[in-house]
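What follows is calculated from the coordinates using simple rules that are stated; it is not laboratory data. Being a predicted model, the structure only gives us computed values, none of them experimental. Here the Cβ positions follow ideal geometry from the backbone for every residue, glycine too, while neighbour counts run over all protein chains shown.
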Amino acid sequence: MFRWSGGKSPAGPVSYSSSVKRSDPKKETLYEIAVPWAELGLQPKSGDGVRFSFLVMDNNREDDRQAKYWIALTEGIAGGPDSSLFKTLILE
């Protein structure tokens, strides 16, 4: 995993609790990650809005580090960082 937070935290590789579960009968892949609030520099409370996006890159080629395929919640990561394109999550 890689973190970029607009300069609030150092960008680079990080290690968070995560899992990937594949269901071939359903043709679904479930990605789960737990990022501590402290890592985000937030003290969340109900009603807060948080700009958020994520990107999953697919690269099975050992000879090429560039991902050929990716999927993202929003624009604003691949193609250049622009957090104004992220979705706003409202916390409950």
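Counting other Cβ atoms within 10 Å of each Cβ, which trypsin sites (Lys or Arg not before Pro) in the stretch 1-53 have at most 12 and sit in a DSSP loop? Let's see the in-between values first.
Details: sites: Arg3, Lys8, Lys21, Arg22, Lys26, Lys27, Lys45, Arg51; in loops: Lys8, Lys26, Lys27, Lys45.
Answer in residue order: Lys8, Lys26, Lys27, Lys45.
If you look at the Cα atoms of the stretch 1-42, you get an Rg and a Dmax of 13.8, 42 Å. Taken along its principal axes, the alpha carbon cloud of the stretch 44-92 reaches lengths of 46, 18, 13 Å, longest axis first.
Label point 7 Å out from Glu92 along Cα-to-Cβ: which residues of the stretch 1-37 have amide N under 12 Å? In the stretch 1-37, the label zone of Glu92 (backbone N under 12 Å from the point 7 Å along Cα→Cβ) covers no residue. With the convex hull constructed from alpha-carbon coordinates only, the chain shows a mean projected area of 7.6 nm² over all directions.
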